[in-house]
Amino acid sequence: AIKAIKHRERIKNDYASIRNGYGKQKLGLSTLDTPDETTGRRTLITDTTEIHQYLLRRNEKHYSQATFTTFGDAGPDFPYIDPDKPASEAHIDAMLDGTFNPWETASPAVREFLQELECTVTGELNIKLYLQDFIQLFKSIPENTASSVSGLHYGHYRVLSQMKDDTIIRVLFDIMNIAFVTNSALPRWKHATQLMLEKGKGPGIENLRIIQLLEADMNWLLRFLWGRQLEKHAVQAGAYNEAQFASPGKLCQSAILNKVLFFDQLRRTRQCGALMDNDATAAFDRVLPALCIVTCRQLGMPKEAQRFFFRLLRQMEFTVT
């Protein structure tokens with residue numbers, strides 16, 4: 001494992017030398033192109049402190065876009081799904097059973113949304129964690145994947161997962177597993193780093209991508225249980241629409257192919273037609289953690305696992321770089 005790491009470091013240094021030879025260097029965000037609301041023009045910010053302060057203000061506003069919506073933290077109907085209120089348990093169960101009676105002022109759109117929350121998945125997901133899954137996933141993740149504010153990053157887990165003696169990796173797995181089972185998030189799990197990266201379209205604020213670095217073991221838990229197991233469980237239960245291509249067993253390219261074939265068929269038959277794409281702006285940034293408890297339970301995630309995830313998010317502190 002150490003030889004493999006040394007080999008990758010040599011390759012990385014070789015490519016760095018080539019980039020330096022061509023005068024190409026990877027630098028941090030040194031310039032920020034922002035809109036000026038007073039003049040309507042664009043303003044370039046080059047001072048590091050000003051960039052940091054602007055991003056803090058912008059991200060707080062950006063991530064609060066859904067706060068005042070129906071089920072947002074400051075929304076009028078948030079108490080119905082607030083996990084911190086015991087009364088919400090009965091409301092959520094009623095939503096999943098299809099027996100929830102909306103309040104009088106609920107709009108037709110909200111009423112329709114609540115009707116669609118009825119659970120069609122009969123069995124709950126088995127959330128028991130196993131050491132072998134822990135080891136196998138870390139073997140497949142690249143060693144240089146960024147993570148872990150604490151410094152215990154993927155490289156350590158990858159090396160430990162490839163050792164014949166699994167004593168150390170087993171201890172780390174047991175710590176993570178006990179924290180999850182007892183609903184006691186580790187202190188280091190409550191810290192995340194938000195990075196602003198350019199998409200290759202310039203330093204415009206609208207062209208920056210936000211990624212979050214989490215602790216490697218907690219990221220494994222979310223990635224394995226929610227990203228893999230829950231999705232497989234939902235697919236096997238037939239919870240997804242046939243038009244959903246971003247799911248196991250399907251290719252996202254198939255959606256594009258279907259679109260091309262649709263237009264080819266229109267041209268061939270000389271018919272009129274139209275196609276509409278509903279691409280919600282910053283959809284993932286508007287996700288409501290409390291509402292996720294309801295929607296993930298709808299797919300079969302046990303309530304104790306969802307409440308663990310919600311409490312963890314409520315206690316998390318973020319650093320913007």
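Of the residues making up segment 261-300, those that are farther than 20 Å from K61 by Cβ, touching a helix residue (DSSP H, G or I) at 6+ places or on another chain (Cβ under 9 Å), in a helix (DSSP H, G or I) and of a type outside the set (A, V, I, L, M) number 4.
Of the listed requirements (1) part of a helix (DSSP H, G or I); (2) in contact with a strand residue (DSSP E or B) (Cβ under 8 Å, 6 or more places away or on another chain); (3) among the hydroxyl-bearing types (S, T, Y), T193 misses just one: (1).
The single residue among L125, L186 that is hydrophobic (A, V, I, L, M, F, W, C) and either at positive phi or in contact with a Pro (Cβ under 8 Å, 6 or more places away or on another chain) (or both) turns out to be L125. The condition of being closer than 30 Å to I135 by Cα, of a type in the set (A, V, I, L, M), at pLDDT 85 or above and touching a Cys at 6+ places or on another chain (Cβ under 8 Å) holds for only one of L230, L225, L186, L266, that being L230. Looking across segment 280-321 at every residue that is charged (D, E, K, R) and more than 20 Å from L195 (Cβ to Cβ), the one that is surrounded by the fewest Cβ atoms within 10 Å (Cβ to Cβ) is identified as E304.
Surrounded by 10 or more Cβ atoms within 10 Å (Cβ to Cβ) and of a type in the set (G, A, S): does that describe A243? The answer is no for A243. On the stretch given as segment 149-190, residues that are open to solvent by 60 Å² or more (accessible area, probe 1.4 Å), hydrophobic (A, V, I, L, M, F, W, C) and in a helix (DSSP H, G or I) total 5. Among the candidates I205, I210, I256, the residue that is over 30 Å from T46 (Cα atoms) and β-branched (V, I, T) is uniquely I256.
For segment 34-72, give me each residue that is among the charged types (D, E, K, R), in contact with a Ser or Thr (Cβ under 9 Å, 6 or more places away or on another chain) and modelled with pLDDT under 90. Residues satisfying the conditions are D36, R58. Give segment 45-66 a look and list any residue that's surrounded by 14 or more Cβ atoms within 10 Å (Cβ to Cβ) and β-branched (V, I, T), or say none. The answer is I45, I51.
Within segment 204-219, the presence of a residue that is open to solvent by 60 Å² or more (accessible area, probe 1.4 Å), in a loop (DSSP other than H, G, I, E, B) and in contact (Cβ under 8 Å) with a residue 40 or more places away in the chain is excluded. Scanning segment 29-41 for residues that are touching a residue at least 24 places away in the same chain (Cβ under 8 Å) and not polar (S, T, N, Q) yields L29, L32, D33, P35.
Among the residues of segment 67-85, is any free of Cβ contacts under 8 Å to residues at least 40 places away in the same chain, within 19 Å of F310 (Cα to Cα), aliphatic (A, V, I, L, M) and assigned to a helix (DSSP H, G or I)? No, segment 67-85 contains no residue that is free of Cβ contacts under 8 Å to residues at least 40 places away in the same chain, within 19 Å of F310 (Cα to Cα), aliphatic (A, V, I, L, M) and assigned to a helix (DSSP H, G or I).
Consider L257 carefully, then state whether it is more than 29 Å from T67 (Cβ to Cβ), without any contact (Cβ under 8 Å) to a residue 12 or more places away in the chain and touching a Gly at 6+ places or on another chain (Cβ under 9 Å).
For L257, the condition - more than 29 Å from T67 (Cβ to Cβ), without any contact (Cβ under 8 Å) to a residue 12 or more places away in the chain and touching a Gly at 6+ places or on another chain (Cβ under 9 Å) - is not met.
The values are calculated or read from the model by the stated rules, or taken from the named source; none is laboratory data. Quick caveat, the model's predicted, so the values are computed rather than measured. No Cβ is skipped: glycine too gets one built from the backbone with ideal geometry, and neighbour counts run over all protein chains shown. Keep in mind that these areas ignore ligands, DNA and RNA; they rest on the heavy atoms of the full protein, side chains included. Shrake-Rupley method; radii C 1.70, N 1.55, O 1.52, S 1.80 Å.
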